1. Yes or no: ARG293 farther than 30 Å from THR204 by Cα and not in a helix (DSSP H, G or I)?
2. Of everything in the range 210-258 that's of a type in the set (Val, Ile, Thr) and open to solvent by 40 Å² or more (accessible area, probe 1.4 Å), which residue is farthest from GLY80 (Cα to Cα)?
3. Out of GLY124, GLY128, report the one residue that is within 13 Å of ligand 1 (Cβ to nearest atom) and modelled with pLDDT of 95 or more.
4. Which numbered condition trips up ASP186, out of (1) within 30 Å of LEU264 (Cβ to Cβ); (2) open to solvent by less than 50 Å² (accessible area, probe 1.4 Å); (3) out of contact with any helix residue (DSSP H, G or I) (no Cβ under 7 Å at 6 or more places or on another chain); (4) among the charged types (D, E, K, R)?
5. Mind counting the residues in the range 93-138 that are hydroxyl-bearing (Ser, Thr, Tyr) and part of a strand (DSSP E or B)?
6. Taking GLN160 as meeting all but one of (1) open to solvent by 20 Å² or more (accessible area, probe 1.4 Å); (2) free of Cβ contacts under 8 Å to residues at least 40 places away in the same chain, write down the number of the exception.
7. So which of THR369, THR401, THR386 is within 34 Å of the chain's Cα centre (by Cα) and among the hydroxyl-bearing types (Ser, Thr, Tyr)?
8. The conditions are (1) exposed (fewer than 15 other Cβ atoms within 10 Å of the Cβ); (2) touching a Leu at 6+ places or on another chain (Cβ under 9 Å), and LEU412 fails exactly one of them. Which is it?
Amino acid sequence: MTLVGVEGSRVRISVPTRFMCDWVESQYIERLNDLWAIEGTSIEGVYLFVSGGATAASGASPEESHPAPVREKMAQDTLGAPLDPRFTFENFIVGKPNELAFAAARRVAEAETAPYNPLFLYGGVGLGKTHLMHAIALHLRQTRPEKHVVYLSAEKFMYQFIRALRFRDTVAFKEQFRSVDILMIDDVQFIAGKDSTQEEFFHTFNALVDQNRQVVISADKSPNDLEGMEERMKSRLGWGLVADIHPTTYELRYGILQSKADDLGIEIPEKILEFLAHKIASNVRELEGALNRIVAYASLIGRPITLETTQDVLQDILRANDRKVTIEEIQKRVAEHFNIRLSEMYSSRRARAVARPRQIAMYLSKQLTARSLPEIGRKFGGRDHTTVMHAVRKVEELKSTDSGFGEDVELLRRMLET
Ligand code: ADP
Ligand code: MG
């Protein structure tokens with residue numbers, strides 16, 4: 001079965017044969033309806049179709065039971081992929097790493113004529129490429145519903161092309177794509193090395209650009225770095241605006257977490273958000289996953305969210321995001337935390353305001369790295385190993401007598417921990 005799309009309150013599912021349609025209809029339709037009802041309260045019914053042909057629908061509207069119009073409608077529906085209604089511009093948090101891509105996507109969504117063709121968005125996995133493409137489509141759907149906007153993955157493009165070949169229907173395939181006003185192809189790296197699909201895509205692409213129709217492409221690499229892509233394709237892809245999305249920064253991650261927590265309507269201690277933003281640096285998808293998991297856990301178990309439960313619940317994610325911490329990172333993080341200059345880590349000043357953080361950094365270096373006391377001493381402005389030893393003892397003593405101090409050190413340790 002193929003999920004064709006969700007349109008308002010209807011779910012449309014296509015199946016390849018009449019027999020399957022009848023079978024699913026008689027055996028599973030209620031269960032499908034129930035499951036969809038759980039997914040979204042606005043869903044009223046599941047509609048089954050034989051792909052490209054007659055229909056059998058549960059509670060079909062009169063329009064649905066006429067094979068001819070349905071067939072036409074189907075052709076349109078199957079061209080693109082469904083959009084995620086949450087992937088709007090409003091829900092996209094902008095920071096240094098993605099500001100160019102965001103601005104370019106907005107411009108494309110608002111422009112009368114294609115401002116750059118194509119818009120090529122690239123970046124690592126989970127950094128918001130698909131989100132921005134959906135945002136363009138959602139915006140256009142609202143502001144200019146007459147425009148024929150099609151979003152689909154390069155993979156789906158390929159499958160449709162292969163299907164068209166199999167059914168000797170390539171003329172219809174070409175026509176469908178060439179009548180699109182704005183075409184967005186996601187994850188174009190997928191068709192690298194797939195020569196005939198690439199060829200077809202190249203022609204579709206050229207036909208659209210020649211008619212000033214907007215094309216938006218995403219990939220995991222820049223056009224030039226796409227291996228298995230023909231030279232002429234690479235050069236054509238780089239013709240318009242190439243905007244890369246950089247890996248997230250701490251600030252962006254923190255902003256995203258805050259906004260998602262707001263959306264979920266859940267109060268999450270600032271320390272936890274800071275902790276997550278520090279530790280889960282891989283991508284936004286994983287960050288969201290972590291937040292959802294903590295929230296689900298807290299609501300199921302009914303206990304408040306603490307650093308301990310967070311660490312417990314996210315063990316696997318945290319381990320995957322682990323990296324070896326260095327003395328330099330520890331010094332930098334501790335200096336930031338106490339708002340002192342990094343150079344105070346090596347300086348000989350003994351004022352408490354700088355000496356204490358320096359001792360904490362030495363303590364953490366001993367705890368979190370495999371460096372020896374003399375090695376650590378050298379990294380702190382050439383101090384003696386006995387100074388480091390003294391620092392370790394002092395911090396341990398303070399931790400046991402002053403709980404606020406202990407918490408501070410613990411937080412730093414968790415943030416840095418490998
Ligand atoms: P990509 O297509 O680059 O692999 P996605 O667009 O699927 O990544 O993003 C992964 C998840 O992270 C989505 O749920 C998306 O909404 C979210 N996301 C990514 N970047 C941002 C951002 N800047 N603000 C809010 N959410 C984001
Ligand atoms: Mg994507």
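1. On the way: farther than 30 Å from THR204 by Cα: yes; not in a helix (DSSP H, G or I): no.
It is false that ARG293 is farther than 30 Å from THR204 by Cα and not in a helix (DSSP H, G or I).
2. Of the residues in the range 210-258, the ones of a type in the set (Val, Ile, Thr) are 215-217, 242, 245, 248-249, 256.
Applying the additional criterion that residues be open to solvent by 40 Å² or more (accessible area, probe 1.4 Å) yields 242, 249.
Working: VAL242: 23, THR249: 33 Å.
The qualifying residue farthest from GLY80 (Cα to Cα) is THR249.
3. Values: GLY124 fails: modelled with pLDDT of 95 or more.
The unique qualifying residue is GLY128.
4. If we test ASP186 against (1) within 30 Å of LEU264 (Cβ to Cβ); (2) open to solvent by less than 50 Å² (accessible area, probe 1.4 Å); (3) out of contact with any helix residue (DSSP H, G or I) (no Cβ under 7 Å at 6 or more places or on another chain); (4) among the charged types (D, E, K, R), just (3) comes out false.
5. Within the range 93-138, the first condition is being hydroxyl-bearing (Ser, Thr, Tyr), and the residues that meet it are 113, 116, 122, 130.
Subsequent filtering for residues that are part of a strand (DSSP E or B) retains 122.
Residues meeting the conditions: 1.
6. (2)
7. Details: THR401 fails: within 34 Å of the chain's Cα centre (by Cα); THR386 fails: within 34 Å of the chain's Cα centre (by Cα).
Of THR369, THR401, THR386, the one residue that is within 34 Å of the chain's Cα centre (by Cα) and among the hydroxyl-bearing types (Ser, Thr, Tyr) is THR369.
8. For LEU412, the exception is condition (1).
The values are calculated or read from the model by the stated rules, or taken from the named source; none is laboratory data. Keep in mind it's a predicted model, so treat the numbers as computed, not measured. Glycine also receives a Cβ, built like all others from the backbone with ideal geometry; neighbour counts cover every protein chain displayed. Heavy atoms of the whole protein, side chains included, go into the accessibility calculation; ligands, DNA and RNA do not. Shrake-Rupley method; radii C 1.70, N 1.55, O 1.52, S 1.80 Å.
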